[in-house]
Ligand code: GLC
């Protein structure tokens, strides 16, 4: 028993009171505030640390009025909503049932019996460099009974497999550039949100606590799973499904959904640490256009700055950046620049002087500005928990946007520190509530992203494109994320799949990895396979470290270049579909990249598939992530017909099939009956004026009836929020004949399509009607020219 365990006691349940939608439950030692958010979401709040909430994740949560009842039961109380039955007993033991009385989540009653580490001589093992686990002294600890058949997902960016059963993870944002393997229990991000699947019933637990937190899914003892926190309040949400989809929707209701991005951010992006002169950058830009490889975005890493001073340019290597960016823009490129939090200690440097004068930097416990080291050498850390600092940082974005920069990449914001860890008692001024580093650390990157988002929004009036490495729950409201410094290894390509799927389930709808791998030297085969995955992930950015082998699409040989071109072009073809999926994600949290179980929860075979994923509702991708693999097994979920994208062959769902996988083929399957809007062949978003709605329809032998919503707007501004968008509703019924209906339901966006073109696969000689009229099909194509929507 550690020294805190004794304190973490609630005692006997004494009584309760109801105030609006909050049931205040009094125990001998503590008071629990149980807030009924709606019939399927409940928040438990115990102010163990301080009275007021200090949530950085939850900003605008509105409770829906719902009926609930509270009654006394033997030894406890029971609260019932339309969907849930919650029983609460002494010691704040909570059991949650569904309305049929089936147990979903039961607090564990037994003793804490974690396995013991035999530690004969720790020091000796450490001398050889073994990283031995420290004992975590938690103040908050909640354990739940492991049910017979449980699966765990979510938790954001974690190593390992899709199902987290048997793993233990730590939320403490960490910059460790060593190759991330399964032994890494912490990475750059902290998202304390776990999805549990108990038989067919899913529920989520969101532990809103940004001190160091741990989640253990039966590693310490297979009889229970638990979450624990170093300090802070006990503040957790129970989110009922029963589908994983509903749980994700509930979680993003609480923490916010990813906002709709500008379309160009969904195009291909090229980055490298060492595009260190204007000439090199322009050479990269010219290569894309000369080689006909589409690309929308180029990045500048830290090399563009003057001595790594943020918000400055190196005038020698990047003389006249405005003119350079204008030239890039005229070629159809957007430029994104990196901005790190560490500010160089340098008298006379505007950012340092201003920050120092106004008290914008974090201090030690004596009030002296705290220093550590990052790229510029001696550096200080802006206090992003303070709204004045955020305002100042937001205003500084103007320096970049005025130069013509289109997006900001926030890095090193765990925050990283080269001269050892930042001490626990470094102070941040959280708008009058001073907090120590141990409370600020996990939300530092989150608050930096928020400041950057607000600044870019104000300066450009467009939907900000921010990329961040560190994050906390809810960062999706401000920023895209990438998974930091992976390596050019097959192992990391494989690991990126469950990692991205779990990020998607954790609210991070806009996520990606460094395509080709960051550290280590990429190989032509690895890049070819990685670009095939990147094609279907929300953020599609090739990035690599200084000193590693070049890995631009053309960096190897003609064949590799051709494969890159083929898949990047496929990405542009799918952009309208991907944008539709992002629109849906912005409303319901349903991520673009998602595990098969998200759509096929009734098919248990999908629960542990690590190496296939769905891209939206209609596309299944089974990438090759093994060197030299000539074929691979693919599981096709039950209840659908699946159509091979390349050959148009049909397969029944509910079986494993084997597909040959020559290097230029990534197995892709389209769900039978799917409607997929497609784009033009373009070098960049907006290159061509588009007046035709092109739609692919994948029919199959089975009769199907499918619906699809296709969304368009100006692709960059916030006008859609005032209704300036068009929503095209398409319905396809495939029976004896094929009947389609197209209707435009919201149509406040002026730039409408003038024509529709259907590309129909597997029509099998059937006749086609569109909006009640017979239409000719020539070579699988039907064009309706006089259609005005
Ligand atoms: C960090 C980032 C990486 C970047 C490098 C230099 O390692 O994760 O993406 O290239 O810093 O800025």
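The values are calculated or read from the model by the stated rules, or taken from the named source; none is laboratory data. Every value quoted in this text rests on a predicted model; they were computed, and no experiment measured them. Using ideal geometry, Cβ is built from the backbone for each residue, glycine included, and neighbour counts are taken over all protein chains shown.
Any residue that is more than 22 Å from residue 568 (Cβ to Cβ), in contact with a strand residue (DSSP E or B) (Cβ under 7 Å, 6 or more places away or on another chain) and in a helix (DSSP H, G or I) - is there at least one of those in region 492-501? Yes; the residues of region 492-501 include at least one that is more than 22 Å from residue 568 (Cβ to Cβ), in contact with a strand residue (DSSP E or B) (Cβ under 7 Å, 6 or more places away or on another chain) and in a helix (DSSP H, G or I). Screening 97, 153, 169 for residues that are at pLDDT 95 or above, assigned to a strand (DSSP E or B) and either touching a helix residue (DSSP H, G or I) at 6+ places or on another chain (Cβ under 7 Å) or at positive phi (or both) leaves exactly one candidate, 153.
Take the conditions (1) surrounded by 15 or more Cβ atoms within 10 Å (Cβ to Cβ); (2) under 17 Å from residue 690 (Cβ atoms); (3) more than 27 Å from the chain's Cα centre (by Cα); residue 738 misses just one of them, which is (2). Is there a residue in region 448-471 that is touching a strand residue (DSSP E or B) at 6+ places or on another chain (Cβ under 6 Å) and without any contact (Cβ under 8 Å) to a residue 24 or more places away in the chain? Among the residues of region 448-471, not one is touching a strand residue (DSSP E or B) at 6+ places or on another chain (Cβ under 6 Å) and without any contact (Cβ under 8 Å) to a residue 24 or more places away in the chain, which makes the answer no.
To keep it simple, each residue is scored yes or no on (1) touching a helix residue (DSSP H, G or I) at 6+ places or on another chain (Cβ under 6 Å); (2) within 30 Å of residue 620 (Cβ to Cβ); (3) within 13 Å of the ligand (Cβ to nearest atom).
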position: 462; (1), (2), (3): no, no, no
position: 470; (1), (2), (3): yes, no, yes
position: 475; (1), (2), (3): yes, yes, no
position: 478; (1), (2), (3): yes, no, no
position: 496; (1), (2), (3): no, yes, no
position: 502; (1), (2), (3): no, yes, no
position: 506; (1), (2), (3): no, yes, no
position: 509; (1), (2), (3): yes, yes, no
position: 513; (1), (2), (3): yes, yes, yes
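Does residue 273 count as touching a strand residue (DSSP E or B) at 6+ places or on another chain (Cβ under 7 Å), buried (at least 16 other Cβ atoms within 10 Å of the Cβ) and in a loop (DSSP other than H, G, I, E, B)? For residue 273, the condition - touching a strand residue (DSSP E or B) at 6+ places or on another chain (Cβ under 7 Å), buried (at least 16 other Cβ atoms within 10 Å of the Cβ) and in a loop (DSSP other than H, G, I, E, B) - is not met. Just one of 179, 222 is farther than 23 Å from residue 55 by Cα and in contact with a strand residue (DSSP E or B) (Cβ under 6 Å, 6 or more places away or on another chain); which is it? Criteria check complete, one pass: 179.
Checking each residue in region 713-744 for being in contact (Cβ under 8 Å) with a residue 60 or more places away in the chain and in a strand (DSSP E or B) picks out 717, 726, 728, 734. Checked against the criteria, residue 189 does not count as surrounded by 19 or more Cβ atoms within 10 Å (Cβ to Cβ), at negative phi and in contact with a helix residue (DSSP H, G or I) (Cβ under 7 Å, 6 or more places away or on another chain). For region 99-119, the set of residues classified as free of Cβ contacts under 8 Å to residues at least 12 places away in the same chain and under 19 Å from residue 146 (Cα atoms) consists of 111 only.
Quick one: count up the residues across region 285-294 that are buried (at least 19 other Cβ atoms within 10 Å of the Cβ) and assigned to a helix (DSSP H, G or I).
2
Within region 546-575, the residues that satisfy the criterion of being within 16 Å of the ligand (Cβ to nearest atom) and either surrounded by fewer than 20 Cβ atoms within 10 Å (Cβ to Cβ) or part of a helix (DSSP H, G or I) (or both) are 546, 547, 548, 549, 550.
Number of residues in region 252-262 that are within 13 Å of the chain's Cα centre (by Cα) and either free of Cβ contacts under 8 Å to residues at least 24 places away in the same chain or assigned to a helix (DSSP H, G or I) (or both): the value is 2. What pairs can you find where one residue is in region 542-554 and outside the structural domain of residue 519 (by the TED database), the other is part of a loop (DSSP other than H, G, I, E, B) and within 13 Å of the ligand (Cβ to nearest atom), and their Cβ atoms are less than 7 Å apart, with a gap of 6+ or different chains? Pairs found: none. Considering region 1-78, the qualifying strands (runs of 3 or more DSSP E), each wholly inside and each with 3 or more residues that are under 24 Å from residue 476 (Cα atoms) and modelled with pLDDT of 95 or more, run over 41-46.
Answer with yes or no whether residue 538 is without any contact (Cβ under 8 Å) to a residue 40 or more places away in the chain and on the phi < 0 side of the Ramachandran plot. Against the criterion (without any contact (Cβ under 8 Å) to a residue 40 or more places away in the chain and on the phi < 0 side of the Ramachandran plot), residue 538 does not qualify.
Each row is one residue, and each column tells you yes or no for (1) in the same structural domain as residue 54 (by the TED database); (2) away from the ligand (no atom under 16 Å from the Cβ); (3) over 30 Å from residue 511 (Cα atoms); (4) under 26 Å from the mean Cα position of the chain (by Cα).
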site: 355; (1), (2), (3), (4): no, yes, yes, no
site: 371; (1), (2), (3), (4): no, yes, yes, no
site: 378; (1), (2), (3), (4): no, yes, yes, no
site: 392; (1), (2), (3), (4): no, yes, no, no
site: 399; (1), (2), (3), (4): no, yes, no, no
site: 414; (1), (2), (3), (4): no, no, no, yes
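Give the residues of region 160-181 that are in contact (Cβ under 8 Å) with a residue 24 or more places away in the chain and either within 16 Å of the ligand (Cβ to nearest atom) or surrounded by fewer than 16 Cβ atoms within 10 Å (Cβ to Cβ) (or both), sorted by residue number.
Step one: list which residues in region 160-181 are in contact (Cβ under 8 Å) with a residue 24 or more places away in the chain, which gives 160-175, 177, 179-181.
Once the filter is applied, which keeps residues that are in contact (Cβ under 8 Å) with a residue 24 or more places away in the chain and either within 16 Å of the ligand (Cβ to nearest atom) or surrounded by fewer than 16 Cβ atoms within 10 Å (Cβ to Cβ) (or both), region 160-181 yields 166, 173, 174, 175, 177, 179, 180, 181.
When region 295-304 is filtered for residues that are buried (at least 22 other Cβ atoms within 10 Å of the Cβ) and touching a residue at least 60 places away in the same chain (Cβ under 8 Å), the ones remaining, listed by number, are 295, 296, 297, 299.
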